[in-house]
Amino acid sequence: MKKIYILLAALVLIAGCDDGDMTFKALDFEDFNAPARCSTESNTVYLTNGSEALILNLPPAVFLNVPSPTDGAGNYTPTVVLVGGSSSYTMYYRNYSGNVNSGTLCQSSGTPNLLEQWTANGRLLVTTTESRNAEGRLTGYSHQLYIESATLSKDGQEITIINNLLGSFTTAVNITFDFDEVAENEPRLPVPCSNNTSILYKINGSEALQLKIAQTYFDGQPKTININTNNDDGDDVTLYFLKYAGNVAGNVICTPAPTDTRQEQLWIADTGTLEITYEEVNGETKPVIRFRNIVFYNNAQSVERYTPLNNDGETYWFGPNPY
């Protein structure tokens, strides 16, 4: 990576300038640690290298779990973030009297002492992409930070930084979405609510699927139903994915308007299909429900989307599972 040199002495811009004393200081982001976020609620990201720190206060949109858009060639289009000037977002380069850590930068511990601070004015580029494991399950989102151009200034001194990659930080989704491998004390098959048989649910610890579907759909005939929030196939068919702070019980899922304060996330499927087929299970003909190509949106932040697996045509069992 190129080193960026800060000219600390004033330059006299005249033709044929004579010899003058000039002092340079090197600022090299290559040796800095990867970007880190202060907390999941914080808009502050920082990089450190011993006593040095680069601190960025970024817009909340940067932390949303939303992949950057792509062009016709599949290239990502980054989000432009302006820092300094009239913008409410900031970037600082700081040097301290000793090594710094998250306590210094995020909790304002007051130690070590701040020796110098350079204030930036410029443009950052942030590109967000999905992070998936070997099975294709979504595990989080990676946010890459790039300085397109920025001018750092202090006491009349300036340096311009151009095209500098800072690295990436990750926002985890903390979602398992595995309703086949459920706990021993939880049913493998979907359970109807006792107070509303048009609601089926399946639980795995702190996560639950809730399917609202009229019993008239189970008429013995195979069918495919589009999953959306305004279904045209008669009665609404709605699929919810719920995430709780701890293990959840069926009586909470069956409440029409969940009021459990432990509910952390509510996702609603608006893309994909539900397939109903009939197969013999233990000598009885039972309906089997499969979901394909399901995409959820976050009820609290509608621009956030969640696709559990990225394989086209992937099947999600709701049960019964005949195998």
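No lab work stands behind these numbers, since they all come straight from the coordinates. Quantities reported herein were computed from a predicted structural model and do not represent experimental measurements. Glycine gets a Cβ as well: all are built from the backbone with ideal geometry, and neighbour counts include every protein chain shown.
Listing for the model above:
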quantity	calculated
Net charge, residue 303 excluded, C-beta distance under 15 Å - Lys, Arg +1, Asp, Glu -1	-2
Charge-dipole axis of segment 264-309 as Lys and Arg at +1 and Asp and Glu at -1 on Cβ define it, positive-most pick from 302, 291, 278	302
Pair residue 33, residue 251: separation of 7 Å Cα→Cβ label points (nm)	4.6
Derived scalar couplings ³J(HN,Hα) [segment 124-134; Karplus, 6.51 cos²θ - 1.76 cosθ + 1.60; whole Hz; x for Gly, Pro]	10, 10, 10, 10, 10, 10, 6, 10, 10, 7, 4
Listed peptides 81-93, 48-60 by packing density, highest first (mean Cβ within 10 Å)	48-60, 81-93
Net lengthening on full extension, residue 139/residue 76 (0.36 nm per residue, minus Cα-Cα)	20.7 nm
In nm, spacing of pseudo-spin labels at residue 66 and residue 151 (7 Å Cα→C-beta vector)	3.1
Gyration tensor (alpha-carbon) shape descriptor, segment 59-146, a/c threshold 1.5	oblate
